[in-house]
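Visitor: Please see the structure below; I have some questions.
The values are calculated or read from the model by the stated rules, or taken from the named source; none is laboratory data. What you see is a predicted model; the values in this text were computed from it and never measured. Here the Cβ positions follow ideal geometry from the backbone for every residue, glycine too, while neighbour counts run over all protein chains shown.
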């Protein structure tokens with residue numbers, strides 16, 4: 001009986017406090033070519049996630065992995081500073097086309113315009129000489145993770161600034177506006193500067209580049225690896241009311 005009780009106590013301890021490791025660890029591998037396309041900050045988070053998991057810190061591993069992920073849907077709104085009101089609707093339509101270009105390239109509706117009264121993840125701000133005459137666009141993004149009743153949650157937000165004019169002072173045309181927005185969205189999705197013409201500098205007069213296979217493949221392969229890693233993290237459970245094993249009278 002004493003041996004039986006010891007076995008039961010050990011089994012109860014394991015059930016309550018020890019994590020159960022999954023049978024399907026990450027099977028995807030990332031090539032050097034893919035990693036060279038990804039923003040260093042996201043690669044750093046994934047690296048730290050692996051390090052934390054190897055040391056048994058599953059919660060920390062999940063936080064870093066989620067910081068390297070991208071939400072399925074991102075809501076976008078537009079704002080204008082110093083831009084001729086007569087040009088605003090035209091700029092909006094060009095921006096909508098740039099969003100749709102990314103959606104079509106990914107074969108998923110990741111970007112959509114916010115509905116009236118709906119909060120946005122991304123604000124695309126058009127400026128008239130707002131950032132210096134040699135800068136076509138810039139992005140300020142923020143990733144944060146928190147926990148609620150549904151588990152660990154991740155939010156990605158950004159402000160994308162687009163200039164209205166070329167360095168000469170003439171207005172940017174549609175191809176340049178679309179290229180600049182696609183470029184900044186590429187950074188938002190985790191792509192590094194200069195890996196392709198689309199992620200490189202913008203031509204001074206007009207642009208013919210668009211989202212291509214290299215950009216979408218790098219982003220999708222990296223995110224698939226992050227998703228695989230998240231699914232492999234051991235989940236711990238704790239029974240608040242333990243099951244007890246009682247003595248009974250013969």
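Visitor: Taking the conditions exactly as written (within 21 Å of residue 75 (Cβ to Cβ), within 20 Å of the chain's Cα centre (by Cα), part of a strand (DSSP E or B) and without any contact (Cβ under 8 Å) to a residue 24 or more places away in the chain), does residue 146 satisfy them or not? Spell out how you get there, then give the answer.
Guide: Numbers: within 21 Å of residue 75 (Cβ to Cβ): yes; within 20 Å of the chain's Cα centre (by Cα): yes; part of a strand (DSSP E or B): yes; without any contact (Cβ under 8 Å) to a residue 24 or more places away in the chain: yes.
When the stated conditions are applied, residue 146 passes them.
Visitor: Out of the residues in region 32-48 that are outside any helix (DSSP H, G or I) and within 10 Å of residue 218 (Cβ to Cβ), state the one that is nearest to the chain's Cα centre (by Cα). Please lay out each step first, then the result.
Guide: Applying the first criterion (outside any helix (DSSP H, G or I)) to region 32-48 yields 36-39.
Right, trim to within 10 Å of residue 218 (Cβ to Cβ) and you get 36-38.
Working: 36: 17, 37: 15, 38: 11 Å.
For region 32-48, the residue satisfying everything is 38.
Visitor: Answer with yes or no whether residue 103 is within 29 Å of residue 224 (Cα to Cα), free of Cβ contacts under 8 Å to residues at least 24 places away in the same chain and out of contact with any helix residue (DSSP H, G or I) (no Cβ under 7 Å at 6 or more places or on another chain).
Guide: yes
Visitor: Kindly provide the set of residues from region 122-136 that are under 17 Å from residue 187 (Cβ atoms) and modelled with pLDDT of 95 or more, ordered by number.
Guide: Scanning region 122-136 gives 122, 123, 124, 125.
Visitor: Ok, one more. Looking only at region 49-90, filter to residues that are under 16 Å from the mean Cα position of the chain (by Cα) and free of Cβ contacts under 8 Å to residues at least 40 places away in the same chain; which one of those is surrounded by the fewest Cβ atoms within 10 Å (Cβ to Cβ)?
Guide: Looking at the filtered set, the residue picked out is 72.
Visitor: If you check residue 172 against the conditions, is it under 13 Å from residue 74 (Cβ atoms) and either in contact (Cβ under 8 Å) with a residue 24 or more places away in the chain or within 17 Å of the chain's Cα centre (by Cα) (or both)? Can you show your working first?
Guide: Working: under 13 Å from residue 74 (Cβ atoms): no; either in contact (Cβ under 8 Å) with a residue 24 or more places away in the chain or within 17 Å of the chain's Cα centre (by Cα) (or both): yes.
Considered against the rule, which asks whether it is under 13 Å from residue 74 (Cβ atoms) and either in contact (Cβ under 8 Å) with a residue 24 or more places away in the chain or within 17 Å of the chain's Cα centre (by Cα) (or both), residue 172 comes out as no.
Visitor: Let me ask another. Limited to region 205-221, what total is found for residues that are free of Cβ contacts under 8 Å to residues at least 60 places away in the same chain, surrounded by fewer than 17 Cβ atoms within 10 Å (Cβ to Cβ) and either in contact with a strand residue (DSSP E or B) (Cβ under 8 Å, 6 or more places away or on another chain) or outside any helix (DSSP H, G or I) (or both)?
Guide: Residues in region 205-221 being free of Cβ contacts under 8 Å to residues at least 60 places away in the same chain, surrounded by fewer than 17 Cβ atoms within 10 Å (Cβ to Cβ) and either in contact with a strand residue (DSSP E or B) (Cβ under 8 Å, 6 or more places away or on another chain) or outside any helix (DSSP H, G or I) (or both): 3 in total.
Visitor: Just the residues that are under 25 Å from residue 109 (Cβ atoms) and surrounded by fewer than 18 Cβ atoms within 10 Å (Cβ to Cβ), please, taken from region 162-196.
Guide: Across region 162-196, the qualifying residues are 174, 175, 195.
Visitor: Can you tell me which residues in region 163-194 are in a strand (DSSP E or B) and closer than 30 Å to residue 34 by Cα?
Guide: Filtering region 163-194 down to residues in a strand (DSSP E or B) leaves 163, 165, 171, 191.
Within region 163-194, just 191 meets the criteria.
Visitor: When you scan region 151-161, do you find a residue that is on the phi > 0 side of the Ramachandran plot, over 15 Å from the mean Cα position of the chain (by Cα) and outside any loop (DSSP other than H, G, I, E, B), even just one?
Guide: Looking for residues that are on the phi > 0 side of the Ramachandran plot, over 15 Å from the mean Cα position of the chain (by Cα) and outside any loop (DSSP other than H, G, I, E, B), one finds at least one in region 151-161, hence yes.
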